[in-house]
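**Q** Before we start, here is the structure in question, set down as structure tokens.
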Amino acid sequence: MPKAIAIDTEYAPDGTLLDMAVATSTQATCLELPIDGANDPSLLFDRAEWLMGHSVMGDLDYLVKLGMAKEEWVSGEKVLDSLLLSRMVNENLGAYDLESLLCASYQVQPWKQETELFSETNATLWPPDARATRCRLDAWASAVLCYEKAPQIGKALRTFTHQTAATIHRLHLAGAYVDRKAFAKMGAELRQQRDEKRTLLISSAQKAGMKEFSPTKDRDLRELLYKRLDLRCSQKTKGGALAVNK
């Protein structure tokens, strides 16, 4: 994974950037803010081919605002997210927060408690030195996990998952959202239609003399439709069997 760099950000509740750290799997630093000509880190990102992080799309937003993001990062094409990778490697873990994931794989000490004594979420209440340390270690931890997890996932699946996550993130930024009430209504209507058709099939099978029948078994459906009810079929499966699709 040549020229990969990890990023982490800490920000205020209003979105103001407080700290930004960059890291590889062996070193990390917290950048001096505000970023200006004297401490412009653009060269770090110019040289990087891959961007890593934990839920990295939120961190990437700040690179976009600073004009340091690359198109292949925004699209998810050359992004490695330690959260997504960890879920793909094992979808049955109890926790996917960065600290839990790293401590589960490596003999490292937890590092977030110093800031969480002041607040679990409001970074403006964290002492600046402790906040910078946390930011730096978060970037480093995500790099370590990305290098560990990425080789365990096939390239095609890895790319598809990250590009899908990037697309969903852009939809979120554009103000799109899931209308749960509409989906609940659609689900209820679909279940009602399914139950009605299931009842119709079972009733027809019983009237046709079938003692055993399952509406989800293709074999049973073929017997009911084309033998018992003597219906005609104009389509066949790739294997040559009579089709029982919609």
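The values are calculated or read from the model by the stated rules, or taken from the named source; none is laboratory data. From a predicted model like this one, the values you see are computed outputs, not experimental measurements. All Cβ positions, even for glycine, are placed from backbone atoms using ideal geometry, and neighbour counts span all protein chains on display. These accessible areas exclude ligands, DNA and RNA; they are computed on the full protein's heavy atoms, side chains included. Shrake-Rupley method; radii C 1.70, N 1.55, O 1.52, S 1.80 Å.
**Q** Kindly establish whether L190 is assigned to a helix (DSSP H, G or I), at pLDDT 95 or above, open to solvent by 90 Å² or more (accessible area, probe 1.4 Å) and farther than 25 Å from A21 by Cα.
**A** Yes; evaluated as a whole, the condition is true for this residue.
**Q** Continuing with this model, one more query. Would you check which residues across the stretch 79-93 are in a loop (DSSP other than H, G, I, E, B) and either open to solvent by less than 90 Å² (accessible area, probe 1.4 Å) or in contact with a helix residue (DSSP H, G or I) (Cβ under 8 Å, 6 or more places away or on another chain) (or both) and list them?
**A** N90, L93
**Q** Okay, moving on. Inside the stretch 149-168, can you point out the residues that are among the small types (G, A, S) and open to solvent by 90 Å² or more (accessible area, probe 1.4 Å)?
**A** Matches in the stretch 149-168: none.
**Q** Is it true that E72 is at pLDDT 95 or above and out of contact with any helix residue (DSSP H, G or I) (no Cβ under 8 Å at 6 or more places or on another chain)?
**A** yes
**Q** Let me ask another. Just one of (1) at positive phi; (2) in contact with a Cys (Cβ under 7 Å, 6 or more places away or on another chain) trips up D230, so point out which.
**A** (2)
**Q** Note down all Cβ pairs under 8 Å where the first residue falls in the stretch 177-201 and is within 27 Å of K217 (Cβ to Cβ), the second is outside any helix (DSSP H, G or I) and open to solvent by less than 90 Å² (accessible area, probe 1.4 Å), and they're at least six residues apart or on different chains.
**A** K197/P215; R198/P215; L201/F213; L201/P215
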